[in-house]
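Asks: Structure below; questions to follow.
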Amino acid sequence: MSDPTRDLATVQAGATARAAADDGALAALRSAIDRVDREILGCLNERARLVQEVGATKRVGGATVYQAARERDLALALEAANPGPFPTAAIRAVFREIVSGTRSLEARLRIAFLGPEGTFSHLAAREIFGGEAEFLPESSIPHVFAAVERGAVDHGVVPVENTTEGVVTQTLDTLVESELPICAEAVLPIQHCLASRSGRLEDVRRVASHAQPLAQCRAWLDQKLPGTERLEVASTVAAAELAARDADVAAVGSRLAAELLGLQVAASGIQDRRDNSTRFLVVGGREPEPSGCDLTSVVFTVRKAEAGALHRLLEPFARHGVNLTSIQSRPRKGTPWEYVFFIDLEGHRSEPAVAAALADAGRVAHSTRVLGSFPRAAAPARPGGAP
């Protein structure tokens, strides 16, 4: 008959030996990871030294610090070249911050956005420029443009259209009045959440947000909170501030705004469309050189009394094989029942076909102004980049 005490001691000794072996294997793996991390740090500093040389070259040639096409193309190339197992979906976020950190060695960019902090414009600005830029909230879209025009910031980030609610008319109107060029675009997936002090749907008596998020979540709110009063406020952050003060109020907005105001998330992903995204424009700086994958934005006016003027305006683009991606109209200020037309087209204004189409259309139009030729955004996942 076996001795139970001896058998238990044997089991315990075996467990101790296995634990020691496991600890030794983990220690060896962690040591290897530490070695790789030091190698990564060395590569980061080598990259930083090269960026410093790039900055010196740019200063001689007068090139801008922010190069949207370069940053887009680097992220896409790294994603395509990734063999794994590092997740491809994380590459843009990682390199966005690497680029932001090394770009700051050339200059720390100052970026104006439609505030306050925690808005989707704030999120878009961080996605585009990374954490080492300096972000300055402005109270309105015209104020974002004004901050760039007076030299207080290097660039401005403004929303221009949403897949659910369409164009942001104030941005279009301000583009007409401003001389700032568009230098880049970005597309941000918009994930709305409902947040309140308690985080319980049954406590909600009123729902607050900016008009656009309320519209983007209309069907969800009708289904989950029927009959609940809806309050339109200046921004999603203003809604979160109201919810932080009033336990009966829930705010529709970003998770970041909820975190900043100490709110609990009652529901997430409440937007009606799964593909809900907002397109943002970066304004200011110099117009970029052709990248091989560009958009050109143009604003035209036509004579009201001329029959077929809009048809004749658009015909040259078809004749020269230039694809139009968007046509929007806005009332022309000071001239009732007349309109300005915003057209986005594929290609850079310097490309022969685009230049010819613009010239022919310009002869038909009453007035023409190119708002900018700029790199198209990467797929609306996680914008990132390089210098």
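The values are calculated or read from the model by the stated rules, or taken from the named source; none is laboratory data. Predicted model only: the values in this text are computed from it and were never measured. When we count neighbours, we look across all protein chains shown, and the Cβ atoms used for this are built from the backbone with ideal geometry, even at glycine. In case anyone asks, the SASA skips ligands and DNA or RNA and just uses the protein heavy atoms, side chains included. Shrake-Rupley method; radii C 1.70, N 1.55, O 1.52, S 1.80 Å.
Asks: Quick check on segment 161-183. Is at least one of its residues within 16 Å of S254 (Cβ to Cβ), open to solvent by 10 Å² or more (accessible area, probe 1.4 Å) and either at pLDDT 95 or above or touching a Lys or Arg at 6+ places or on another chain (Cβ under 6 Å) (or both)?
Replies: yes
Asks: When both residues are 6+ apart or on different chains and their Cβ atoms are under 9 Å apart, which pairs have a first residue that lies in segment 36-47 and is charged (D, E, K, R), and a second that is open to solvent by less than 80 Å² (accessible area, probe 1.4 Å)?
Replies: R47/I98; R47/T102
Asks: Just the residues that are in a strand (DSSP E or B) and of a type in the set (A, V, I, L, M, F, W, C), please, taken from segment 215-252.
Replies: Answer for segment 215-252, where residues must be in a strand (DSSP E or B) and of a type in the set (A, V, I, L, M, F, W, C): L231, V249, A250, A251, V252.
Asks: Counting just the residues of segment 272-285 that are more than 25 Å from H143 (Cα to Cα) and either among the charged types (D, E, K, R) or not in a loop (DSSP other than H, G, I, E, B) (or both), which one comes out nearest to the chain's Cα centre (by Cα)?
Replies: If we take residues in segment 272-285 being more than 25 Å from H143 (Cα to Cα) and either among the charged types (D, E, K, R) or not in a loop (DSSP other than H, G, I, E, B) (or both), then D275 is nearest to the chain's Cα centre (by Cα).
Asks: OK, next. Scan segment 58-87 for residues that are open to solvent by less than 40 Å² (accessible area, probe 1.4 Å) and over 24 Å from the mean Cα position of the chain (by Cα) and jot them down.
Replies: K58, G62, G84
Asks: Would you point out which residue out of G131, G118, G101, G61 is out of contact with any His (no Cβ under 9 Å at 6 or more places or on another chain), free of Cβ contacts under 8 Å to residues at least 12 places away in the same chain and not polar (S, T, N, Q)? Explain how you work it out, then say what you get.
Replies: On the way: G131 fails: free of Cβ contacts under 8 Å to residues at least 12 places away in the same chain; G118 fails: free of Cβ contacts under 8 Å to residues at least 12 places away in the same chain; G101 fails: free of Cβ contacts under 8 Å to residues at least 12 places away in the same chain.
Result of the check over G131, G118, G101, G61: G61.
Asks: Let me ask you something else. Taking segment 274-285 on its own, how many of its residues are open to solvent by 10 Å² or more (accessible area, probe 1.4 Å), at pLDDT 90 or above and not β-branched (V, I, T)?
Replies: Here is the first cut: in segment 274-285, the residues open to solvent by 10 Å² or more (accessible area, probe 1.4 Å) are 274-275, 277-279, 285.
Cutting the leftovers down to at pLDDT 90 or above gives us 277-279, 285.
From what's left, not β-branched (V, I, T): 277, 279, 285.
Residues flagged as open to solvent by 10 Å² or more (accessible area, probe 1.4 Å), at pLDDT 90 or above and not β-branched (V, I, T) within segment 274-285 amount to 3.
Asks: Tell me whether segment 184-200 contains one or more residues that are open to solvent by less than 10 Å² (accessible area, probe 1.4 Å), touching a residue at least 12 places away in the same chain (Cβ under 8 Å) and assigned to a helix (DSSP H, G or I).
Replies: no
Asks: More than 19 Å from the chain's Cα centre (by Cα) and at pLDDT 95 or above: is that true of G334 in this structure?
Replies: No: the conditions fail for G334.
Asks: Using beta carbons and a limit of 9 Å, which pairs, at least six apart or on different chains, have the first residue in segment 288-307 and at pLDDT below 90 and the second one open to solvent by 60 Å² or more (accessible area, probe 1.4 Å) and assigned to a strand (DSSP E or B)?
Replies: The qualifying pairs are V302/Y339; K304/Y339.
Asks: For the list (1) open to solvent by 60 Å² or more (accessible area, probe 1.4 Å); (2) closer than 15 Å to F129 by Cβ, I need the number of the one condition that R103 fails.
Replies: (1)
Asks: Return the residue satisfying two criteria in turn: it lies in segment 286-321 and is outside any helix (DSSP H, G or I), among the charged types (D, E, K, R) and open to solvent by 40 Å² or more (accessible area, probe 1.4 Å), and of such residues it is nearest to W337 (Cα to Cα). Spell out how you get there, then give the answer.
Replies: Of all residues in segment 286-321, those outside any helix (DSSP H, G or I) come to 286-308, 320-321.
Then drop every residue that is not among the charged types (D, E, K, R), which leaves 286-287, 289, 294, 303-304, 306.
Adding the requirement that they be open to solvent by 40 Å² or more (accessible area, probe 1.4 Å) leaves 286-287, 289, 303-304, 306.
Working: R286: 34, E287: 33, E289: 37, R303: 11, K304: 8, E306: 14 Å.
This residue is K304.
Asks: Which residues, counting only those in segment 91-116, are within 19 Å of L41 (Cβ to Cβ) and of a type in the set (K, R)?
Replies: Result: R96, R103.
Asks: So for segment 262-271 (the condition being among the small types (G, A, S), assigned to a helix (DSSP H, G or I) and either open to solvent by less than 30 Å² (accessible area, probe 1.4 Å) or modelled with pLDDT of 95 or more (or both)), does at least one residue qualify?
Replies: no
Asks: Oh, and also: Do we find that V157 is assigned to a strand (DSSP E or B), closer than 30 Å to D222 by Cβ, of a type in the set (V, I, T) and modelled with pLDDT of 95 or more in this structure?
Replies: Working: assigned to a strand (DSSP E or B): yes; closer than 30 Å to D222 by Cβ: no; of a type in the set (V, I, T): yes; modelled with pLDDT of 95 or more: yes.
So V157 does not fit the description; no.
Asks: Additional query: What residue, among those in segment 88-114 that are small (G, A, S), in a helix (DSSP H, G or I) and more than 15 Å from the chain's Cα centre (by Cα), is farthest from E53 (Cα to Cα)? I'd like the intermediate steps shown before the answer.
Replies: Residues of segment 88-114 small (G, A, S): 89-90, 93, 100-101, 104, 107, 112.
When the remaining residues are screened for being in a helix (DSSP H, G or I), the result is 89-90, 93, 100-101.
Cutting the leftovers down to more than 15 Å from the chain's Cα centre (by Cα) gives us 89-90, 101.
Details: A89: 30, A90: 28, G101: 15 Å.
Taking the candidates together, the pick is A89.
Asks: Read through the list (1) surrounded by 20 or more Cβ atoms within 10 Å (Cβ to Cβ); (2) within 18 Å of the chain's Cα centre (by Cα); (3) not in a helix (DSSP H, G or I); (4) not aromatic (F, W, Y), then give the number of the only condition that E117 fails.
Replies: Of the numbered conditions (1) surrounded by 20 or more Cβ atoms within 10 Å (Cβ to Cβ); (2) within 18 Å of the chain's Cα centre (by Cα); (3) not in a helix (DSSP H, G or I); (4) not aromatic (F, W, Y), the odd one out for E117 is (1).
Asks: Further question: Taking the condition over 23 Å from C293 (Cβ atoms), of a type in the set (S, T, N, Q) and modelled with pLDDT under 95, does T57 pass? Please lay out each step first, then the result.
Replies: On the way: over 23 Å from C293 (Cβ atoms): yes; of a type in the set (S, T, N, Q): yes; modelled with pLDDT under 95: yes.
Considered against the rule, which asks whether it is over 23 Å from C293 (Cβ atoms), of a type in the set (S, T, N, Q) and modelled with pLDDT under 95, T57 comes out as yes.
Asks: Hey, could you check segment 337-350 for residues that are aromatic (F, W, Y) and surrounded by 15 or more Cβ atoms within 10 Å (Cβ to Cβ) and say which is modelled with the lowest pLDDT? Walk me through it before giving the result.
Replies: Here is the first cut: in segment 337-350, the ones aromatic (F, W, Y) are 337, 339, 341-342.
Now narrow it down to the ones that are surrounded by 15 or more Cβ atoms within 10 Å (Cβ to Cβ): 339, 341-342.
Numbers: Y339: 84, F341: 94, F342: 96.
Of everything passing the filter in segment 337-350, Y339 is modelled with the lowest pLDDT.
Asks: If Q52 satisfies all but one of (1) within 24 Å of the chain's Cα centre (by Cα); (2) in a helix (DSSP H, G or I), what's the number of the condition it fails?
Replies: Exception for Q52: condition (1).
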